[in-house]
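Here the structure is laid out as structure tokens; the discussion comes afterwards.
The values are calculated or read from the model by the stated rules, or taken from the named source; none is laboratory data. Predicted model, so just to flag it, every value in this text is computed and none were measured. Note that each Cβ is placed from the backbone with ideal geometry, even for glycine, and that neighbours are counted across all protein chains shown. Surface accessibility is based on the protein's heavy atoms, side chains included, excluding ligands, DNA and RNA. Shrake-Rupley method; radii C 1.70, N 1.55, O 1.52, S 1.80 Å.
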Amino acid sequence: MTPDRIPLPRPRDGAVGRAVTAALACVTVLVVVVVLWVSAGGMAALGADGTGLVTAARLTGLVASDLLLLQVLAMARVPWVERAWGQDRLARIHRLLGFTSCWLMAAHVVLVVAGYAVSTGTGVLAQLADLVVRYPGMLLAVAGTALLVLVVALSVRAARRRVRYENWHLLHLYAYLGVGLALPHQLWNGAHFVTSPAATVYWWTLWGCAAAALLAFRVGRPLWLSRRHRLTVGEVRHEASDVYSVYLPGRRLDRLAARPGQFLTWRLRTGRGWSRAHPFSLSEAPRADRLRFTFRSAGDDGGRLAGATPGTAVLIEGPFGTLTEGRRRGERVLLMAAGIGITPMRALLEGMRYADRELTLIYRARSADELVLRDEIDAIAAERGAQVIYLPGPPPTGRASWLTAELAERYADHEALTHLVPELAGRDVFLCGPPPWMAAARAALRAAGVPARQVHDERFGW
Ligand SMILES: Cc1cc2nc3c(=O)[nH]c(=O)nc-3n(C[C@H](O)[C@H](O)[C@H](O)COP(=O)(O)OP(=O)(O)OC[C@H]3O[C@@H](n4cnc5c(N)ncnc54)[C@H](O)[C@@H]3O)c2cc1C
């Protein structure tokens, strides 16, 4: 048994400070391009005549490009930024920046063509053809724009659902080519750059840093980590119907500094399809000699991963994710998991610091057979003095709920929470499961008086 009262961790791991600094950096980058535009007489030239339209086109083009840059940086896996925002939030920011930048890019094209057409008294199509043919870098820019529009169109949820994830992800990588092709025309034609060496140096430096960050953190660091830790598949254990645990021995894993609640992106070198990466949370507290993840083999690649043989080499990216003890604010904790969302909770149950009877785990599943890792959970709970509530059973029909149908007949969602968990409002709540279930649980927590800042979640999909 761990001692009754243990010193609690200092709340927060500086994530707020990092998030604010990152946000300020983004705003600064945007302010600089606006200052560039204003200092080149942008404001003064604004108007409905040709010059005015072209000036507005320059601003939309600059800001669109800046947002593209921030979009690239958001997914560059820069550890400092990852720790500040978490990958799921960064993926949502990336998406928002992508759509906003695309609309600004469209406005840029329309305004610049209309502006020159008005100034020269030429038809719009003739003007467009003239710009593309006569100005340096414009053919590249057209190809780049087409690629970016394709990637944005495929990222619309309705379209994304129709494309296999792997194919969508592959096509998504063309966005980098699109950005690369769109960039040169800015420097060769952009009034702000052809007239200002300082602006040109600033712009190239910005993009150079973004490219360097991508190479360093999306290619260099994963290769270096994979080589340093030499993870291999030690064993694949069948946990339940379509759920498997993969045990991965490796070297000096304590230096990976992974924390319970975090995930890594794994590539198992099983032969054909090995380059497909998958994020899986650690399903036990990280150890110096091995890591473990547990996954539901429901999708395309499940069979390949479940069939991995001992000795298979593994490439890793990470650790990522902010669903860790660092987000905690108080002494008492509630872990809430549904389905395969149990994996980070199982790791937190083992690795989090808490005193006797100060942690409760609620584990929801459609049936008792789907309650995986149960023996381990019971053993840890008995040793650490944690309370575990298993809630197997189908959900109610006709209303969103985090409860079983049977419990939902007796309690409203928030009532069940206050009934099951003592001193609920003062607890930090860690949440993981299918998005609709998480939304219902969050609503119940709010209705039960748990402040939003005490609810921490991780989505298994972005
Ligand atoms: C932060 C995080 C932690 C996760 N932890 C676990 C876990 O511990 N156990 C578990 O079973 N599952 C976990 N998942 C979900 C898991 O990554 C997907 O179910 C898995 O990658 C599906 O691959 P597939 O080939 O079997 O299915 P597919 O049929 O290829 O994909 C099914 C769906 O899974 C998602 N997906 C597939 N590949 C990826 C990818 N590389 N990145 C992001 N999403 C992807 C897509 O939304 C896709 O529509 C986690 C996901 C995230 C984002």
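Taking region 307-328 as the range and being assigned to a loop (DSSP other than H, G, I, E, B) and over 24 Å from Pro435 (Cα atoms) as the test, the residues that pass are Gly307, Ala308, Thr309, Pro310, Gly311, Thr312. Of all residues in region 230-258, those satisfying the criterion of being within 14 Å of the ligand (Cβ to nearest atom) and outside any strand (DSSP E or B) are Ser241, Asp242, Ala258. Residues in region 444-462 that are surrounded by 14 or more Cβ atoms within 10 Å (Cβ to Cβ), away from the ligand (no atom under 16 Å from the Cβ) and in a loop (DSSP other than H, G, I, E, B): Ala448, Val450. Per the conditions (1) within 9 Å of the ligand (Cβ to nearest atom); (2) open to solvent by 20 Å² or more (accessible area, probe 1.4 Å); (3) assigned to a strand (DSSP E or B), the sole criterion not satisfied by Arg267 is (1). If we scan region 135-158, do we find a residue that is within 16 Å of the ligand (Cβ to nearest atom), open to solvent by less than 60 Å² (accessible area, probe 1.4 Å) and out of contact with any Gly (no Cβ under 8 Å at 6 or more places or on another chain)? Scanning region 135-158 turns up at least one residue that is within 16 Å of the ligand (Cβ to nearest atom), open to solvent by less than 60 Å² (accessible area, probe 1.4 Å) and out of contact with any Gly (no Cβ under 8 Å at 6 or more places or on another chain).
For (1) outside the structural domain of Leu177 (by TED's automatic domain parsing); (2) in contact with a Phe, Trp or Tyr (Cβ under 8 Å, 6 or more places away or on another chain); (3) at pLDDT 90 or above, each residue gets a yes or a no:
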residue: Ala212; (1), (2), (3): no, no, yes
residue: Val236; (1), (2), (3): yes, yes, yes
residue: Gly250; (1), (2), (3): yes, no, yes
residue: Leu253; (1), (2), (3): yes, no, yes
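Given the residues Ala441, Ala425, which is the only one that is assigned to a helix (DSSP H, G or I) and either at pLDDT 95 or above or within 16 Å of the ligand (Cβ to nearest atom) (or both)? Result of the check over Ala441, Ala425: Ala441. Evaluation of Ala285 against the conditions (1) of a type outside the set (Phe, Trp, Tyr); (2) near the ligand (Cβ under 10 Å from one of its atoms); (3) surrounded by fewer than 21 Cβ atoms within 10 Å (Cβ to Cβ) shows that the sole unmet condition is (2).
When Gly393, Gly351, Gly341 are checked against the criterion of being among the small types (Gly, Ala, Ser) and at positive phi, a single residue qualifies: Gly393. Within region 288-302, restricting attention to residues that are more than 6 Å from the ligand (Cβ to nearest atom) and basic (Lys, Arg), the residue that is most open to solvent (accessible area, probe 1.4 Å) is Arg290.
Counting only residues that are open to solvent by 60 Å² or more (accessible area, probe 1.4 Å) and either more than 29 Å from the chain's Cα centre (by Cα) or touching a residue at least 60 places away in the same chain (Cβ under 8 Å) (or both), region 342-367 holds 3 of them. Of the residues making up region 396-411, not a single one is in contact with a Lys or Arg (Cβ under 9 Å, 6 or more places away or on another chain), in a loop (DSSP other than H, G, I, E, B) and charged (D, E, K, R). Count of region 304-341 residues, restricted to those that are within 16 Å of Ser245 (Cα to Cα) and within 16 Å of the ligand (Cβ to nearest atom), is 9. Hey, does region 285-306 have a residue that's closer than 18 Å to Arg89 by Cβ, touching a residue at least 12 places away in the same chain (Cβ under 8 Å) and not in a loop (DSSP other than H, G, I, E, B)? The answer is no, given that none of the residues of region 285-306 is closer than 18 Å to Arg89 by Cβ, touching a residue at least 12 places away in the same chain (Cβ under 8 Å) and not in a loop (DSSP other than H, G, I, E, B). With respect to being in a loop (DSSP other than H, G, I, E, B) and at pLDDT 95 or above, Val388 falls outside the description.
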